[in-house]
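One structure is given below, encoded as structure tokens.
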Amino acid sequence: MSTDPAPAPAPLLSPWRWWVCVLLMLATVINYMDRMALNQMAKEIKDAFGMNNEQYSWLESVFSLAFAIGAVTTGYVVDRVSVRWVYPVMVIGWSVAGMVTGFAGSFWMLLTCRFMLGLFEAGNWPCGIRTTRAVLPPAERSFGNSLFQSGTALGAVVTPLIVLAILQ
């Protein structure tokens, strides 16, 4: 006679977990569209602000620096604070930074907006990875993360097409 207890039934997995991954992918598409719009419009932006190549390079460099700071900072914070609070702050932050960019009237305002955009957009990855970890069992995380991160490629493909359509 065996004294081993009966194995626990497998937990029911909600199909909503895949909708969460699709939403993460869509957020990543928007994230990449925000990021790429500047370089797609570089000539027009340099002309509008009277910038030279060096000044434009500062816009790209400041974004990258802020992205590095934001990634490390958000990774640290999301390990200590619920991703349910951190991720919406990141999305709202990058959305506001993106909208305010459209109202920038000077090089310094544009530079500040790019810094803020990089800072907040960086949070997409630590928050997205933490979210897939929370909603997916280990056997499904690789696919869930690949779905979420495929938004980078989709954003890179659709942005030039949208910019071209807008310029037409």
Unique residue being modelled with pLDDT of 95 or more and aromatic (Phe, Trp, Tyr) when the list is 120, 148: 120
Quick one: residue 109 ticks every box in (1) under 30 Å from residue 134 (Cβ atoms); (2) part of a helix (DSSP H, G or I) except a single one, so which number is it? (1)
When both residues are 6+ apart or on different chains and their Cβ atoms are under 7 Å apart, which pairs have a first residue that lies in segment 46-58 and is surrounded by 10 or more Cβ atoms within 10 Å (Cβ to Cβ), and a second that is among the small types (Gly, Ala, Ser)? 56/42
Could you tell me which numbered condition residue 104 fails, if it satisfies all but one of (1) out of contact with any helix residue (DSSP H, G or I) (no Cβ under 7 Å at 6 or more places or on another chain); (2) not in a helix (DSSP H, G or I)? (1)
Could you go through segment 113-124 and let me know if any residue there is within 19 Å of residue 32 (Cα to Cα), assigned to a helix (DSSP H, G or I) and either open to solvent by 50 Å² or more (accessible area, probe 1.4 Å) or touching a His at 6+ places or on another chain (Cβ under 7 Å) (or both). yes
Look at segment 64-87 and say how many of its residues are closer than 15 Å to residue 114 by Cα and of a type outside the set (A, V, I, L, M, F, W, C). 2
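Considering only segment 17-43, how many residues are open to solvent by 80 Å² or more (accessible area, probe 1.4 Å) and free of Cβ contacts under 8 Å to residues at least 60 places away in the same chain?
3
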Only one of (1) surrounded by fewer than 17 Cβ atoms within 10 Å (Cβ to Cβ); (2) free of Cβ contacts under 8 Å to residues at least 40 places away in the same chain is not met by residue 150, so which one is it? (2)
In the list 98, 70, which residue meets the criterion of being crowded, with 17+ Cβ neighbours inside 10 Å, at pLDDT 95 or above and within 22 Å of the chain's Cα centre (by Cα)? 70
Condition check: more than 19 Å from residue 27 (Cβ to Cβ) and either open to solvent by 50 Å² or more (accessible area, probe 1.4 Å) or small (Gly, Ala, Ser) (or both). Does residue 128 satisfy that? no
Given the criterion at pLDDT below 95, closer than 30 Å to residue 14 by Cα and open to solvent by 20 Å² or more (accessible area, probe 1.4 Å), identify the matching residue among 88, 138. 138
Checking residue 156 against (1) open to solvent by less than 70 Å² (accessible area, probe 1.4 Å); (2) hydrophobic (A, V, I, L, M, F, W, C); (3) modelled with pLDDT of 95 or more: exactly one of these is not met. Which one? (3)
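The values are calculated or read from the model by the stated rules, or taken from the named source; none is laboratory data. Keep in mind that this is a model prediction, so the values were computed, not measured. Ideal geometry is used to build each Cβ from the backbone, glycine not excepted, and the neighbour counts take in all protein chains shown. Side chains are part of the model used for accessible areas, which takes the heavy atoms of the whole protein and leaves out ligands, DNA and RNA. Shrake-Rupley method; radii C 1.70, N 1.55, O 1.52, S 1.80 Å.
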